[in-house]
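The values are calculated or read from the model by the stated rules, or taken from the named source; none is laboratory data. Bear in mind the structure is a predicted one, so any value in this text is a computation, not a measurement. Don't worry about glycine lacking a Cβ; one is built from the backbone with ideal geometry, like all the others, and counts go over all protein chains shown.
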Amino acid sequence: MEQNDKPRILIVDDEKMNLKVLADLLKEEYSPVLARDGDQALQHAFSDSPPDLILLDVVMPQMGGYEVIKHLKNNDKTKNIPVIFVTSLDSVLDEEHGLKLGAVDYITKPFSPPIVKIRVHNHLRIVHQYKLLDQLAYLDGLTEISNRRRFDEYFQREWARSARSASPCSLAMVDVDFFKPYNDHYGHAMGDRTLQRIAKALDNALMRPADLIARYGGEEFVMLLPETDAFAAKGVAERALEKIVELNIPHQYSQIADHVTVSIGLVTTKINDSLTPQNFVAAADKNLYLAKESGRNRLVAGVIGF
């Protein structure tokens, strides 16, 4: 395993020997990051590469471990990082206080190296399981792309960011043409498989990591293109149409083609005070309706708010 792939363990202790002992104990399986005081600990925790777990001494000069964990738990970025106190304070009241502050475990010095390794391993396994559950909560179970919940949260965040930076934002609503007769005649199992293939094709049409494709509901998808002007967004939408045609999925019951097609409603805006996220989505939905009314298997694009 590469060093960068190892879980990061932040070890905080004002005693150099304690840092060395813990780092030597864990460096084979993990990537230790060392801090000699509370300020250094918080700098590492609030960095762009936060630790996966923190081993924290209680008694340190200037800022002790109890104060450090209060800062961690009061910050949305770090509140879920598990903290294990490793300390010489061995009374029941000290342990109770540390756990009440939000620590997941409490190890007293002198510690047993095998016990430390086992507890670190167990807590990191729990962290990994929570991350998997969190990822699943944002995935559509059928198509394995982002779901409506993920889109709603990402959209709100990108909307606020675009408003601050005064940058354009584009949104495309995508609907599978004549999907009900497809399901009725080919069966729901084939319909599910087709939605999976369409989702993958739409995802392949996107060009940047910031772009998002999500299943909006049923046979409808949404593509969010932050910091994308009308010209670039139209290129993405046209590429999406082409990707679906290239699938060449037979559809004998379509009224417009012998294969599965989609209609797309696209809108681009430069966010201002008079425009709401709901208006923006409604504008894209209106263009989708126009695309379907004007023959389907096509793109209708527009610009608002400029």
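Structural remarks
For (1) within 18 Å of I11 (Cα to Cα); (2) of a type in the set (G, A, S), each residue gets a yes or a no:
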residue: Q62; (1), (2): yes, no
residue: I84; (1), (2): yes, no
residue: D94; (1), (2): no, no
residue: D105; (1), (2): yes, no
residue: S146; (1), (2): no, yes
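- Residue pairs meeting the criteria (Cβ under 9 Å; at least 6 apart or on separate chains; first under 9 Å from S263 (Cβ atoms), in region 275-298; second modelled with pLDDT of 95 or more and part of a helix (DSSP H, G or I)): N297/L241; N297/I244; N297/V245; N297/A291; R298/L241; R298/A291; R298/K292
- Being outside the structural domain of F221 (by TED's automatic domain parsing) and under 24 Å from the mean Cα position of the chain (by Cα) is a description that applies to L133.
- Number of positions in region 145-175 that are buried (at least 18 other Cβ atoms within 10 Å of the Cβ) and outside any helix (DSSP H, G or I): 11
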